[in-house]
Amino acid sequence: MRKLLIPLLLAAVASVYSIPEASAQDLRRDELFFSMGIPSDGILTDDEYMWNPDLYYNYEPRFQNTLFTALWAVEYHHFFTDRFKVGASVNYHLLTSDYYHPVQDQVIGTRYSNIVYLLAHAKYCYIHKEKWQLYSGVGAGAILRLDTMKGTSASFKPGFGYEVVMLGVEYGKKVPVYLEAVGGNTAISYRFGIGYRF
Amino acid sequence: MLTVLASCSKGMFSGSEEYTTRPGEGYMMILSQKLLPDYLLALESALVYDGYGYPSNADYQTGDVSLSTQGAVWTVNGKKAVKGMRITCIDNGVWKLERDGEYFFYDSYYNYRSQENDGYPTQCTVIATQLESVNSAGHYNWKVTFTGSRTEREGYACTFKSEPDLTYTSTADLSQSWSGCDGSATMYITKNGDKVEFIRMDYFGTSTRYFGGM
């Protein structure tokens, strides 16, 4: 499925060029989106490799079987010019990991990691028409991670988060949808969303 | 198959006589599939070089003596995974391989990463007896007797040895590895001097079985 996303994005880009430009008064300047990020394989996996050539990893308890939800987000954007928009997003997802004791050969706990990304965005539209946008952008901000494990201590880890929107396509007038290819440490590869323009 | 445990009980260690899954068996597999093959590849590479003459160069310090001469000692100089290994001819077709230094399990003899690898102090002595030739590229089957130890972080350490030996066999199309291993080996693992586990590994060509205990 993911292999189809890049060709779909490129097809959308090609089709956008055939559409006439919109007049400035047709362009709404604010957007509010609800989006879902698709996790990248491997990025979120906290599993500590069982075949690690290190006795510590082979005999000390370790986290494995990490599962994670999609990255859910609420985003707001405002166009300062016809081509440049800035905004912010609040993103959340949950990771769960088994805490496995290799000598006892059993799971001795489960860790729940609640992760919030607070990011500011800047995006530049190569094309901005009434119904279509083609853009790239960057985002940066904070990663807030709270790990809890039943029966043991909790830990809070703040950090720096960033992402690069390599290419995004947005379609729709009042209720637009978008699809983006994303890189960075927000642990997703693609994101899509539906929103409202006003 | 049930293997008698008597030969691998050592002091405070005791355990099952049944084959079972052990936490450190993957680690022990690395010893047999990485460390020992690296030693043998270094030996085979040296013997190929011996066939072309033996002036010292960047890869070997030869003492200008053929490695087939009893008592000859070569040292691996090059940026190999086993840099510093001493190869001594102790009999016709028998060599002693000795090394005491950092060894990085992610390396291989043919794929050394860098001098800055974060390896662990590893000491190993191997007696390698040359068996039949596998191909014209200098690849052989080998009988291997070894003993060694390794010290790692957080107080972990291990000792390992063959009991009594391993036989590495290959097919002609494999020039940088061996396709089969027969024999047995034992590894004892401690943390800050306290027992953690012992593992005995029995090889049956292409399959491996383990047993052990605390």
Legend entry - A:Val177 vs. criteria of a type in the set (A, V, I, L, M, F, W, C) and buried (at least 19 other Cβ atoms within 10 Å of the Cβ): no
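Hey, any hits in region B:141-150 for a residue that's in a loop (DSSP other than H, G, I, E, B), buried (at least 19 other Cβ atoms within 10 Å of the Cβ) and more than 14 Å from every other protein chain (Cβ to nearest Cβ)?
no
One line per residue, one yes/no per condition, for (1) more than 15 Å from B:Ile30 (Cα to Cα); (2) in contact with a strand residue (DSSP E or B) (Cβ under 8 Å, 6 or more places away or on another chain); (3) away from chain A (no Cβ under 14 Å); (4) free of Cβ contacts under 8 Å to residues at least 12 places away in the same chain:
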{"residue": "B:Thr167", "(1), (2), (3), (4)": "yes, yes, yes, no"}
{"residue": "B:Gln176", "(1), (2), (3), (4)": "yes, no, yes, no"}
{"residue": "B:Ile189", "(1), (2), (3), (4)": "no, yes, no, no"}
{"residue": "B:Asp202", "(1), (2), (3), (4)": "no, yes, yes, no"}
Legend entry - So B:Phe198, is it assigned to a strand (DSSP E or B) and modelled with pLDDT of 85 or more: yes
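The values are calculated or read from the model by the stated rules, or taken from the named source; none is laboratory data. Not measured: the values here are computed from a predicted model. Every residue, glycine as well, gets a Cβ built from its backbone with ideal geometry; the counts of neighbours run over all protein chains shown.
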